[in-house]
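The values are calculated or read from the model by the stated rules, or taken from the named source; none is laboratory data. Owing to the predicted nature of the structure, the values given are computational and were not obtained by experimental measurement. No Cβ is skipped: glycine too gets one built from the backbone with ideal geometry, and neighbour counts run over all protein chains shown.
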């Protein structure tokens, strides 16, 4: 919920509800929980305003306030139940997909993925099912719960659908090319995948290199592609030093490339010289960083 910003006078003006009536509604029906400022005055949010306008409209239509509150509470309960059911079904699809992949049932796996796309948005399927499952497969392999054969089979299907998804977004030829790589020693794909998904939606052409690529190969690729932007992901604290060294080496070799660093391991305090490379943790921060470099 947004922070409270409307005092009671402002609320009365915006909703047409008299302060005395509003206090009575709060006291009897517990419909709102306004915060209080240092002086002890109530402060209301945009969501509070929305609810009060809705209640006022119902009263004007002939409902009693108790009836209107009851309807509002039921709607909120239904919305929460619907959201919970949707999350549970996404989890079920993910579990069914994992089961199919671990039994090398590619046909059924593709059917489950197709069902997910039929039910949910591209963003939802990527963020809630395909991406997390790719990470789960990697974790299961590292824990030696599954074999290397399981890992390769499952990852190949998941990556192929993710690649199809990423390549379905149109490319804006007016935007610079991007190369996205994993830092030295990195194997966690999720953070860079989310970032790649974000920039592909914006229309950027992205050449994404897999894990295990040598530094020499990275320099070869950037020499051929000649990207304007190079993003390096680092999720493990023990790899930060090597990642920063790699970024510095790229900067020395090609000063025309703008370098961006991202990943959980880089959210701690960075050396002063490396702070300009950090692109942030949210889409808003990523957008701001990109806009400042174009």
Helices (runs of 4 or more DSSP H) contained in the stretch 144-232 and holding at least 2 residues touching a residue at least 60 places away in the same chain (Cβ under 8 Å): 190-201
Kindly check whether there is at least one residue in the stretch 188-197 that is surrounded by fewer than 16 Cβ atoms within 10 Å (Cβ to Cβ), at pLDDT below 85 and closer than 19 Å to residue 247 by Cα. no
Breaking point among (1) more than 30 Å from residue 208 (Cα to Cα); (2) surrounded by 15 or more Cβ atoms within 10 Å (Cβ to Cβ); (3) outside the structural domain of residue 23 (by TED's automatic domain parsing), for residue 134: (1)
Taking the stretch 251-267 as the region of interest, how many residues are part of a helix (DSSP H, G or I), crowded, with 20+ Cβ neighbours inside 10 Å and touching a strand residue (DSSP E or B) at 6+ places or on another chain (Cβ under 7 Å)? 1
Take the conditions in a loop (DSSP other than H, G, I, E, B) and out of contact with any strand residue (DSSP E or B) (no Cβ under 7 Å at 6 or more places or on another chain) and apply them to residue 31. Does it pass? yes
Give the stretch 38-56 a look and list any residue that's surrounded by 13 or more Cβ atoms within 10 Å (Cβ to Cβ) and over 34 Å from the mean Cα position of the chain (by Cα), or say none. 41, 56
Test each condition in (1) exposed (fewer than 13 other Cβ atoms within 10 Å of the Cβ); (2) modelled with pLDDT of 85 or more; (3) within 30 Å of residue 155 (Cβ to Cβ) for residue 93 and report the one that comes out false. (1)
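If you take the residues of the stretch 271-281 that are touching a helix residue (DSSP H, G or I) at 6+ places or on another chain (Cβ under 9 Å), at pLDDT below 85 and farther than 17 Å from residue 184 by Cα, which of them is surrounded by the most Cβ atoms within 10 Å (Cβ to Cβ)?
The first filter runs over the stretch 271-281 and keeps only residues touching a helix residue (DSSP H, G or I) at 6+ places or on another chain (Cβ under 9 Å), leaving 271, 273-274, 277-281.
Now restrict to residues that are at pLDDT below 85: 271, 273-274, 281.
Pick out the ones that are also farther than 17 Å from residue 184 by Cα and you get 271, 273, 281.
Working: 271: 10, 273: 11, 281: 14.
So the residue we want is 281.
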